[in-house]
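Working notes, structure below.
The values are calculated or read from the model by the stated rules, or taken from the named source; none is laboratory data. Note that the structure is a prediction, hence the values are computed from the model and not measured. Counting neighbours? That spans all protein chains shown, and the Cβs are built from the backbone with ideal geometry, glycine included.
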Amino acid sequence: MDFGKRFFDGQRILGKSKTWRGFFAGVAAGTAGGALISLVYFSPFFATPQLHVASAFLLALGTMTGDAMGSFMKRRMKLPSGKPFFLDSILFLVVALAFALPATALTPYAPEALAFLIILTIILHPLSNWVANRLGMKRVPW
């Protein structure tokens, strides 16, 4: 994503592991997954199907942007690509929720929902990375 460019600190801007293909694939997969989930949990009392798909897109876009922001921060701290970073599990969630906020203006995030999402993310993020590593989809299990 950074086209091999370096920041003024001499480090790569994002690192070699961040690609446009991966970014757009993540947005597409997240949008598709969110759209499928909305078919199951759709409630006409709260939103239209279009708003659910828009929310899924914004969440996916925010997730991938938050992930790239985490890589940017890791490079500034001189952590190599692929090394675990304490914000990896939370930063993408925070950015995703911020991106999706315009689509949820009628129902702002409840504190208990935010707590649930944070706890779920802390559990599922490392678990999904471990599974992806075991399936040969990731080099490292974090």
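Some observations on this one:
- Residue match in the range 88-101 (condition: loosely packed, with under 13 Cβ neighbours inside 10 Å, over 12 Å from the mean Cα position of the chain (by Cα) and part of a helix (DSSP H, G or I)): no
- Within the range 53-79, tally of residues that are touching a residue at least 40 places away in the same chain (Cβ under 8 Å) and of a type in the set (Gly, Ala, Ser): 4
- Search result, residues across the range 10-35 that are within 20 Å of residue 77 (Cα to Cα) and among the β-branched types (Val, Ile, Thr): 13
- Residue 62 being small (Gly, Ala, Ser), in a helix (DSSP H, G or I), modelled with pLDDT of 90 or more and surrounded by 13 or more Cβ atoms within 10 Å (Cβ to Cβ): yes
- Matching entry among 3, 85, 8 (being at positive phi and of a type outside the set (Gly, Ala, Ser)): 3
- Residue satisfying condition, being at pLDDT 80 or above and surrounded by 12 or more Cβ atoms within 10 Å (Cβ to Cβ), within set 4, 34: 34
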